[in-house]
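In what follows, a single structure is set out as structure tokens and then discussed.
What follows is calculated from the coordinates using simple rules that are stated; it is not laboratory data. Keep in mind that this is a model prediction, so the values were computed, not measured. Glycine gets a Cβ as well: all are built from the backbone with ideal geometry, and neighbour counts include every protein chain shown.
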Amino acid sequence: MAEDILKDQLDYYRARAREYDRTVDPAPDEKNLPQVETELALIREALRSLPPCKEALELACGTGIWTQDLLKVAEEVTALDGAPEMLDVARTKLGGSARVRYECIDLFTWQPGRPYDLVFFAFWLSHVPLERLGRFLEKVTRATRVGGRLFIVDEPANGKRLSGPTSPESTQTRQLEDGRSFQIIKAYYDPAAIQRNLARRGFGEFQTFSGDYFFYICATKRE
């Protein structure tokens, strides 16, 4: 069942690529909430305030929304995503920047080939099933060089769940503009639990924020 949902999840994001930027805003009854924009601005400022680095790795880059921010911090960005359609949109959006290298790869089978100065992913952790969380964070740890940083953005378990309710199995049904429906994983994780997990893997010097809608965790990989 998990494999079927993960396939459906990838199919969903492949099909949604062309409408993603148009539909990524909060629901109409919430999109004008100042707090949503305030929290996102706070997170973007924290990311842009990181010390400059040479190489960043972005997991699940999607249409390049956050890649633009990473380019303000890193000289080069390697952007990974499982949906080639998403990568096509990102390339167009970023004007084919030579500073970004795109790779289409399934993040559940991905293995890091080398460590990076900064590893970043936004709103991807919640698409990782609980039974795969440990393996995923282990790969993220290997992808972060000693002294490098990890930066995670997502929605907190105890927040207002802007992306909507999830089932007891941590799944959601998502619908596209053309009416097609897909099942995806949507697991709202506790930021404090993720921080403890990362600390056990050798991360420290945590900088964190947990709001009503979003959280971020920034950590440095120690010796």
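Applying 1/(1 + (r/R0)^6) with r as the Cβ-Cβ distance of Ala46 and Arg22 and R0 = 22 angstrom yields a FRET efficiency of 0.25. Go ahead and collect, in residue order, the members of region 70-99 whose backbone nitrogen is under 17 Å from a label point 7 Å along the Cα-Cβ direction of Glu177. Residues 85-86, 89-90, 93 fall inside that zone. Could you point to the residue in Leu10, Ile217, Thr144 farthest towards the positive end of the chain's charge dipole, with +1 and -1 charges on the Cβ of Lys/Arg and Asp/Glu respectively? Checked the options; the winner is Thr144.
Identify the trypsin sites (Lys or Arg not before Pro) of region 73-126 meeting these criteria: DSSP loop state and at most 15 other C-beta atoms within 10 Å of the C-beta. Counting only loop positions with at most 15 other Cβ atoms within 10 Å, the trypsin sites (Lys or Arg not before Pro) in region 73-126 are Arg99. Among Gly64, Gly164, Gly148, the largest mean-square fluctuation in a Gaussian network model of the chain, built with springs joining Cα atoms closer than 10 Å, belongs to Gly164. Of the GluC sites (Glu not before Pro) in region 28-128, the ones in a loop by DSSP (not H, G, I, E or B) with at most 16 other beta carbons within 10 Å are Glu30.
Computed about the Cα centre, the dipole magnitude for region 72-223 is approximately 440 debye when only Lys and Arg (+1) and Asp and Glu (-1) carry charge, each at its Cβ.
Its Cα gyration tensor gives region 89-155 an equivalent ellipsoid. The semi-axes, each the square root of 5 times an eigenvalue, are 22, 16, 12 Å from largest down. For the chain, the 222 nm mean residue ellipticity estimated from helices alone, with every DSSP H stretch of n ≥ 4 adding -39500 (n - 2.57) and the total spread over all residues, rounds to -10500 deg cm²/dmol. Pairs of Cα atoms in the chain fall into 10 Å distance bins, from 0 up to the last occupied one, in shares of 8, 34, 41, 17, 1, 0 percent.
Run through the DSSP bridge list for the chain and note the antiparallel percent, rounded to the nearest 5. Percentage antiparallel, nearest 5: 45. For region 114-189, applying the loop criterion from DSSP together with a ceiling of 12 other beta carbons within 10 Å to the trypsin sites (Lys or Arg not before Pro) yields Arg180. Considering only Gly202, Gly82, Gly62, the Gaussian network model of the chain with Cα springs below 10 Å gives its largest mean-square fluctuation to Gly202.
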